[in-house]
1. If you take the residues in the range 225-240 that are under 12 Å from PRO201 (Cα atoms) and among the hydroxyl-bearing types (Ser, Thr, Tyr), which one is surrounded by the most Cβ atoms within 10 Å (Cβ to Cβ)?
2. Which strands (runs of 3 or more DSSP E) does the range 81-174 wholly contain that include 2 or more residues that are out of contact with any Lys or Arg (no Cβ under 7 Å at 6 or more places or on another chain) and among the aliphatic types (A, V, I, L, M)?
3. State whether one or more residues within the range 157-173 are more than 20 Å from the chain's Cα centre (by Cα) and aromatic (Phe, Trp, Tyr).
4. Name the pairs whose Cβ atoms lie under 6 Å apart, with the first residue in the range 127-138 and assigned by TED's automatic domain parsing to the domain that holds PRO282, the second exposed (fewer than 11 other Cβ atoms within 10 Å of the Cβ) and in a loop (DSSP other than H, G, I, E, B), and 6 or more positions between them or separate chains?
5. Scanning the range 175-195 for residues that are outside any strand (DSSP E or B) and of a type in the set (A, V, I, L, M, F, W, C), which turns out farthest from GLY104 (Cα to Cα)?
Amino acid sequence: MKKTMSAGNFFQRTNAHKKTVLVVLIVKIMMIWGCATLVDQELLDKPVVTFEGMTLENMSLFESTPVFSFKVSNPNPMSIKIRSIGYSFKINDKKFIKGVADKGIPLKAVGSEQVGLSVTFNYPGLFESVTEFIQSDKIAYDLSGFIGAGPFAIPYQTKGFIDIPGLPKISIKYVDTSNFSLTGTSTVIIVFSIENPNPFPIQLKGLNYSINLSETRFAKGSFKTVSPIAENSSSLVKIPMNVTFSELDWSLDNVLTKASSEYELSGKMKFYVPKMGKKNFPFHHTGNVSFIKEGTEMK
């Protein structure tokens with residue numbers, strides 16, 4: 001005997017079907033909007049966050065932007081969205097910056113995407129004094145937070161070190177005394193060597209110096225114009241100095257009889273530091289300098 005469905009049963013099944021469809025739609029809408037609800041978390045597996053590494057961008061002598069890269073993997077058979085990345089960034093065990101960066105990156109089903117976080121900071125601003133900055137060769141960082149993907153907030157943490165760029169190395173290449181005379185005014189040329197040890201160019205805004213030869217004051221002065229120094233290279237700066245024989249207690253012994261002398265060089269380099277303006281950075285160097293006399297060829 002063929003069964004017939006009553007109108008009441010028909011409407012009950014229809015309503016049940018509508019409710020099922022409605023629930024599915026609600027869940028999908030909630031996942032699309034990234035609502036972190038208990039329903040979503042029961043239906044989805046938590047994405048996996050892997051730290052991929054850190055690179056430095058926009059490097060300069062006093063400023064840098066580390067970029068931290070993460071891979072977010074979605075194990076679910078449906079797409080979700082990487083909503084944001086929250087972060088707390090510490091430098092040398094001190095809180096530096098924290099916040100949340102919006103992302104809105106689609107993450108395909110059973111797929112993965114790269115997520116980057118960049119933080120720009122000023123090296124001298126991380127230290128209590130210029131001296132502390134000069135004496136430091138690296139900083140320690142601690143980055144932690146969460147990545148919001150779908151209804152989840154997946155925690156992460158990474159630690160490491162960032163090398164601090166080196167200030168230029170200043171020394172005396174040689175002293176040209178070929179025009180030195182025992183009578184009248186002579187011109188002695190001091191040739192400075194400025195070495196840039198960094199993989200990017202640098203620009204000095206000036207330099208003050210004081211030179212002792214064999215523990216005797218030789219010269220003191222400054223120069224303001226210094227051409228940019230290319231990455232991993234050095235530049236020579238020639239400074240002429242007009243002197244007379246009577247002014248130089250060291251001249252008869254050093255210039256006329258010696259080919260070189262021990263020297264002590266000290267002073268301050270001037271730089272423009274972003275967000276801090278012009279700053280002076282002291283330097284000190286000792287060594288042996290050659291005297292280039294008349295008829296001597298400089299190699």
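1. Narrowing the range 225-240 to residues under 12 Å from PRO201 (Cα atoms): 227-235.
Checking which are among the hydroxyl-bearing types (Ser, Thr, Tyr) leaves us with 227, 233-235.
Details: SER227: 10, SER233: 12, SER234: 15, SER235: 17.
By that ranking, first place goes to SER235.
2. On the way: elements: 94-107, 112-118, 138-149, 152-163.
The qualifying strands (runs of 3 or more DSSP E) are 94-107, 138-149.
3. no
4. none
5. Within the range 175-195, the first condition is being outside any strand (DSSP E or B), and the residues that meet it are 177-184.
Pick out the ones that are also of a type in the set (A, V, I, L, M, F, W, C) and you get 180, 182.
On the way: PHE180: 72, LEU182: 78 Å.
Per the criteria, the residue is LEU182.
The values are calculated or read from the model by the stated rules, or taken from the named source; none is laboratory data. Keep in mind the model is a prediction, meaning the values are calculated, not measured. Positions of Cβ are generated from backbone atoms using ideal geometry, with glycine treated the same way; all protein chains shown enter the neighbour counts.
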